């Protein structure tokens, strides 16, 4: 099975290989990336907490990959919610299966962000890959542009956005 190079969402100088056949993640040398991967911290709570969540372009589609779970983003609904107590929830609803939800600490509510007068919704989205996906995935034009841009690959030190 092929593997795909992905840029780390949180540590921008790191890249990963995701083996699409085994769902194994290993550190990569510099390679053209086709999306992003975040390694989940232990503070994430889920009954079957995946080690990683990735969003990437492959086979002409945009995919969301969480551990052994895989969804084509043109067929699911993704929702992000801020909850009481400093937690967020990211839920994926797929018509062909049960919904999947991941709960995690709300980065935007940490003291450093709350005290920064310049911290705004764009910063919040940059900090939170799940918020980024939920805010954009329902927009067909965005999905198409990102699928094409990431499908061609981008340098690990770039933003990966459409040109």
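The values are calculated or read from the model by the stated rules, or taken from the named source; none is laboratory data. Computed from a prediction, not measured in an experiment: that's the story for all the values here. Counting neighbours? That spans all protein chains shown, and the Cβs are built from the backbone with ideal geometry, glycine included.
Anything in the stretch 129-141 that is closer than 15 Å to residue 76 by Cβ and either at pLDDT 90 or above or out of contact with any helix residue (DSSP H, G or I) (no Cβ under 6 Å at 6 or more places or on another chain) (or both)? List them, or say none.
Passing the criteria: 130, 133, 134, 135, 137, 138, 139, 140.
If residue 149 passes every condition in (1) closer than 18 Å to residue 66 by Cβ; (2) at pLDDT 85 or above; (3) crowded, with 16+ Cβ neighbours inside 10 Å but one, which one does it miss?
Residue 149 satisfies every listed condition except (1).
Within the stretch 1-16, how many residues are in contact (Cβ under 8 Å) with a residue 12 or more places away in the chain and surrounded by fewer than 17 Cβ atoms within 10 Å (Cβ to Cβ)?
6
Within the stretch 81-109, can you find the residues that are within 18 Å of residue 40 (Cα to Cα) and in a loop (DSSP other than H, G, I, E, B)?
Residues satisfying the conditions are 86, 106.
So in the stretch 66-80, with the set limited to residues that are outside any loop (DSSP other than H, G, I, E, B) and under 16 Å from residue 96 (Cα atoms), which one is modelled with the lowest pLDDT?
Applying the filter and picking the extreme gives 69.
Could you check the stretch 81-101 and list, in sequence order, the residues that are closer than 20 Å to residue 71 by Cα and either exposed (fewer than 12 other Cβ atoms within 10 Å of the Cβ) or modelled with pLDDT under 85 (or both)?
If the condition is that a residue be closer than 20 Å to residue 71 by Cα and either exposed (fewer than 12 other Cβ atoms within 10 Å of the Cβ) or modelled with pLDDT under 85 (or both), then 95, 96, 97, 98, 99 are the ones that fit.
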